[in-house]
Amino acid sequence: MIKLPLTLERHEGLHLIAGVDEAGRGPLAGDVVAAAVILPAQSSIEGLTDSKKLSAKQREHLYPLIRQQALAYAVARASVEEIDRLNILQASLLAMKRSVAALNRQPEFVYVDGNRCPEWEYPCQALIKGDSRIASIAAASILAKVERDNEMIDLDTRFPGYGLAQHKGYPTKLHLAALRKLGPCEIHRKSFAPVKKLLI
């Protein structure tokens, strides 16, 4: 497991530097969820890295540690309706924008995972694979992933038969087979091709 270079987050005279990431761009169902995290400059959370490189158990272990040590954190989302209306990229940027706006301490600088920043007033930098390079982005990726996974587990009880608790809405063979059998439900993204073709 890599040790993230926290020194990258120290800017001359700046103390409140946020990291932002999202979870759920690829699934066929459910909201896209984003998180923003401001960590102390001296924060050292053992095992912090890109959420996709961690097991569910490791993410669940780190989740409360991040919330305990963070100077500020927030989770926000863009709905299925917004994804279908705006497209997944714009909905992801909207969710990230909402997560930063929801912080109880506004950042002086924001690192965003990916290749573009939302349209906002904050000085920022987009970093491809930022969740493997910047500690606060890694922390945000974990919060967003855990929050979204838990939501999908809850939705599995409301919309049984699709296997949402197992695949979290991603287009697995199980999910695609269930879609063909049951048809899409209200939490499916109607603009995504595997869902859209079943509505024609």
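Derivation of every value follows stated rules applied to the coordinates shown; laboratory data play no part. This structure is a prediction, so every number in the text was calculated from the model and none was measured. Ideal geometry is used to build each Cβ from the backbone, glycine not excepted, and the neighbour counts take in all protein chains shown.
Sparsely packed loop sites in region 135-200 (the GluC sites (Glu not before Pro) outside DSSP H, G, I, E and B with at most 11 other Cβ atoms within 10 Å) comprise Glu186. Summing charges over all other residues whose Cβ lies under 13 Å from the Cβ of His175, with Lys and Arg as +1 and Asp and Glu as -1, gives +4.
Taken as Cα centroids, region 153-199 and region 79-145 sit 26 Å apart, rounded to the nearest whole angstrom. For the pair Ser79 and Gln58 in one chain, pulling the backbone fully straight at 0.36 nm per residue adds 4.8 nm over the alpha carbon distance. Rounded to the nearest 500, the 222 nm mean residue ellipticity of the chain from helices alone is -12000 deg cm²/dmol, with -39,500 (n - 2.57) taken per DSSP H run of at least 4 residues. Quick test of the membrane-span-like rule: which DSSP H helices of the chain reach at least 24 Å along their long axis (C-alpha atoms) with mean Kyte hydropathy at least -1.0? Helix filter hits for the chain: 135-158.
Within the straight-line cut-off of under 19 Å between alpha carbons, the lysines reachable from Lys181 are Lys168, Lys173, Lys190, Lys196, Lys197, sequence neighbours fewer than 8 places apart in one chain being disregarded. For region 183-188, putting each phi into the Karplus relation 6.51 cos²θ - 1.76 cosθ + 1.60 with θ = phi - 60° gives couplings of x, x, 10, 5, 8, 7 Hz, in residue order, rounded to whole numbers and with x for Gly and Pro.
Close amide H pairs (under 5 Å, H built 1.01 Å from N) link Ala29 with Arg189, residues at least 5 positions away or on another chain.
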